[in-house]
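Presented below is the structure to which this report refers.
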Amino acid sequence: MAFSALTMAEQVRNQSAPDHLAELLSRVAQSRDRGAFAELFDHFAPRVKAFMMRKGSNAEQAEDLVQETMLAVWSKSQMYVNERGSVATWIFTIARNLRIDKLRRDKAQLYQDIEDFDAPDGKIGADEAMGRSQEDNYVNKALAQIPADQRELLILSYVEDVTQSEIALKLNLPLGTVKSRMRLGYQRLRKILEQVK
């Protein structure tokens with residue numbers, strides 16, 4: 001009994017040995033042996049799928065790539081050269097290249113989709129321009145009504161897009177002073193603008 005179990009284990013090991021895989025691929029290349037291809041498929045399909053999933057493909061994408069890989073093995077079997085590397089190396093190289101091609105196609109499709117996007121042209125209509133002009137006037141009048149030290153901080157922050165830390169350095173003020181003056185200035189500005197509306 002132990003002898004037959006050992007013999008079966010050896011047979012399984014031998015079936016996936018590099019020489020056996022090369023022989024199967026040779027039979028596919030020379031005579032389109034479907035049985036040999038089925039053995040190669042059974043051996044490599046789960047391994048290629050696991051490889052694809054480790055590389056970030058979901059199960060469906062991995063399955064598609066397995067099918068493409070094994071189809072390429074069938075159609076290009078005569079291109080395999082034993083001296084250049086093992087059957088496994090050759091098949092995983094095909095799988096890797098197909099995955100890279102797919103990623104490139106997906107990326108190109110993404111950019112193609114973006115090109116089709118109709119972005120606004122940036123031009124504003126007369127009504128919007130007038131509305132903005134009125135808002136600018138309201139804000140300028142409101143800014144004129146708050147203390148100069150607070151106004152300067154708000155302009156630096158909201159108009160010139162300077163951070164509070166940079167303002168503190170630029171004006172040689174403690175950061176806490178900048179924050180409190182900005183808060184007070186913003187509160188006053190908001191109250192004035194609420195009264196205008």
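Distance between the modelled labels on residue 30 and residue 54, one decimal in nanometres: 3.3 nm (7 Å Cα→Cβ projection).
Multiplying the residue separation of residue 47 and residue 75 by 0.36 nm and removing their Cα-Cα distance gives an extension gain of 8.1 nm. Please go through the residue pairs 49/107; 141/191; 55/102; 49/102 and name each one whose alpha carbons sit more than 18 Å apart in this structure. Correct reply: 49/107.
For the stretch 127-196, what class follows from the C-alpha gyration tensor (a ≥ b ≥ c being the square roots of its eigenvalues): rounded when a/c is under 1.5, otherwise prolate if a/b is larger than b/c, else oblate?
prolate
Once label points are set 7 Å from the Cα along Cα→Cβ at both residue 186 and residue 135, what is their separation, rounded to one decimal in nm? Placing both labels 7 Å beyond Cα along the Cβ direction yields 1.7 nm. Work through the residues other than residue 98 whose Cβ is under 14 Å from its Cβ and net out their charges, Lys, Arg +1 and Asp, Glu -1. For residues surrounding residue 98, the net value is +3. A crude spin-label estimate for the pair residue 149 and residue 84, with each label 7 Å from Cα along the Cβ direction, gives 7.8 nm.
No lab work stands behind these numbers, since they all come straight from the coordinates. From a predicted model like this one, the values you see are computed outputs, not experimental measurements. Glycine also receives a Cβ, built like all others from the backbone with ideal geometry; neighbour counts cover every protein chain displayed.
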